Amino acid sequence: MLIGRKRGWELPDRMATPEHLVLNRRAAIAGAAALGTIAASGSAQAQLSRLFGSTPSTPAKPLPPLTAAPNTKYAAGRALSPELQATTYNNYYEFGLSKSVSGAAQALVVDPWSVEFTGMVAKPKKIGFEDIMKQVSLEERTYRHRCVETWAMTVPWIGFPLSRLLAMAEPSASAKYVVFTTLADPKMMPGLGQRFYPWPYTEGLTMQEAANELTFVTVGMYGKTLPPQNGAPLRLTVPWKYGFKSAKSIVKIEFTDKRPVSFWEALQDSEYGFWANVNPAVPHPRWSQASETLLGNDERVPTKMWNGYGDFVASMYTDKTKEKLFV
Ligand SMILES: Nc1nc2c(c(=O)[nH]1)N[C@H]1C(S)=C(S)[C@@H](COP(=O)(O)O)O[C@H]1N2
Ligand SMILES: [Mo]
């Protein structure tokens with residue numbers, strides 16, 4: 001019986017402080033203003049459920065099957081998370097601040113979709129999603145995912161290495177960073193009404209990180225096309241970094257020689273830095289990072305350095321002794 005017992009992986013949403021509750025001054029002021037609006041409007045319930053999401057109200061559209069041969073080089077070393085949990089317990093702030101945004105996210109229109117390559121590239125261009133798909137070969141990779149809120153999952157993603165997109169973009173040799181921008185369409189995304197967030201959601205990697213063999217562009221999961229709530233039609237998957245680095249529903253990829261300040265870092269730089277590599281020994285100001293709860297069961301397991309991917313990534317950081325690599 002499930003009565004009277006919260007599952008462990010639900011705790012970050014229900015009891016601990018989720019990622020978004022960064023009460024810096026700006027957010028506190030804007031938050032107070034928003035509450036004032038809600039009180040004055042007389043439809044508090046409706047507004048709150050729009051802001052924080054609610055249990056899926058819109059039935060999920062059936063997702064076309066998408067299969068690819070598993071690449072067994074990247075064994076996850078633990079059981080897959082249940083598909084239901086991985087596709088209904090999400091962080092996608094554009095659709096609301098709760099974990100239950102899968103209903104709201106059904107409003108995302110992914111066709112037509114294109115990705116813009118800009119900044120330090122041979123020639124700026126836009127490529128349609130279908131054109132990208134024609135130029136890549138898909139594989140399935142089961143990766144561990146670790147959110148900074150200390151929940152984790154293990155997912156069979158389908159996609160292709162980001163290096164394939166880098167080749168299409170033709171960045172110039174002087175580019176040092178890649179910046180990924182998520183769609184920001186207020187008509188589809190009610191969370192954008194939260195004005196104190198620095199929309200659009202952006203994230204960045206060094207060119208070296210972007211070219212790492214693990215860095216993956218995901219277009220499917222569990223043998224199906226990627227659901228909107230998980231970042232359709234294409235998202236980043238960077239398994240050795242905290243989950244917020246893996247930007248969803250990407251519309252723009254920009255190359256630059258200046259280190260970008262991303263969405264979370266702009267909001268609260270003491271809590272979210274550029275590197276954000278997983279390290280159990282470095283606590284977040286609000287969470288110990290020593291262990292994690294696996295989605296779909298109560299198991300609390302130790303967190304691994306680099307989320308267990310040190311063999312592939314640690315060498316990129318040996319010379320960066322002065323950097324805050326784990327915030
Ligand atoms: N655009 C966008 N990308 C995002 C987020 C978001 O709110 N908006 N949340 C991030 C965080 S904090 C995590 S943990 C993962 C969650 O991915 P999932 O919902 O597929 O588990 O997406 C990341 N990418
Ligand atoms: Mo996260």
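The values are calculated or read from the model by the stated rules, or taken from the named source; none is laboratory data. Small disclaimer: the values here were computed from a predicted structure and weren't measured. We place every Cβ from the backbone using ideal geometry, glycine too, and count neighbours over all the protein chains shown. Keep in mind that these areas ignore ligands, DNA and RNA; they rest on the heavy atoms of the full protein, side chains included. Shrake-Rupley method; radii C 1.70, N 1.55, O 1.52, S 1.80 Å.
Could you please find all residues in the range 244-277 being within 20 Å of ALA104 (Cβ to Cβ), within 12 Å of ligand 2 (Cβ to nearest atom) and part of a loop (DSSP other than H, G, I, E, B)?
SER246, ALA247, LYS248
Have a look at GLN208, GLN194 and point out the one that is within 12 Å of ligand 1 (Cβ to nearest atom) and surrounded by fewer than 24 Cβ atoms within 10 Å (Cβ to Cβ).
Criteria check complete, one pass: GLN194.
I'm trying to understand the selection: among the residues of the range 78-97, which are part of a loop (DSSP other than H, G, I, E, B) and away from ligand 1 (no atom under 11 Å from the Cβ)?
ARG78, ALA79, LEU80, PRO82
Going by what's in this entry, would GLU254 be described as acidic (Asp, Glu), open to solvent by 10 Å² or more (accessible area, probe 1.4 Å) and touching a residue at least 12 places away in the same chain (Cβ under 8 Å)?
When the stated conditions are applied, GLU254 passes them.
Looking only at the range 98-107, which residues are hydroxyl-bearing (Ser, Thr, Tyr) and either in contact with a Gly (Cβ under 7 Å, 6 or more places away or on another chain) or within 8 Å of ligand 1 (Cβ to nearest atom) (or both)?
Selection gives SER98, SER100.
Being within 16 Å of ligand 2 (Cβ to nearest atom) and outside any strand (DSSP E or B) is the filter; apply it to the range 128-150 and report the residue that is nearest to ALA290 (Cα to Cα).
THR150
Are any of the residues in the range 118-126 within 18 Å of PRO156 (Cβ to Cβ) and not hydrophobic (A, V, I, L, M, F, W, C)?
No, because not a single residue in the range 118-126 is within 18 Å of PRO156 (Cβ to Cβ) and not hydrophobic (A, V, I, L, M, F, W, C).
Output the number of residues of the range 57-98 satisfying the condition of being farther than 25 Å from ASN307 by Cα and open to solvent by 70 Å² or more (accessible area, probe 1.4 Å).
Within the range 57-98, residues that are farther than 25 Å from ASN307 by Cα and open to solvent by 70 Å² or more (accessible area, probe 1.4 Å) number 8.
Out of the residues in the range 151-183 that are charged (D, E, K, R) and in a loop (DSSP other than H, G, I, E, B), state the one that is most open to solvent (accessible area, probe 1.4 Å).
LYS176
Can you find, within the range 111-136, the residue that is surrounded by the most Cβ atoms within 10 Å (Cβ to Cβ) among those that are out of contact with any strand residue (DSSP E or B) (no Cβ under 6 Å at 6 or more places or on another chain) and touching a residue at least 40 places away in the same chain (Cβ under 8 Å)?
Going through the qualifying residues, I end up with ILE132.
Taking the stated definitions as given, is PHE263 within 12 Å of ligand 1 (Cβ to nearest atom) and not polar (S, T, N, Q)?
yes
Considering the range 213-230 alone, what residues qualify as being open to solvent by less than 10 Å² (accessible area, probe 1.4 Å) and more than 16 Å from ligand 2 (Cβ to nearest atom)?
Across the range 213-230, the qualifying residues are LEU214, THR215, PHE216, VAL217, VAL219, GLY220, MET221, LEU226, PRO227.
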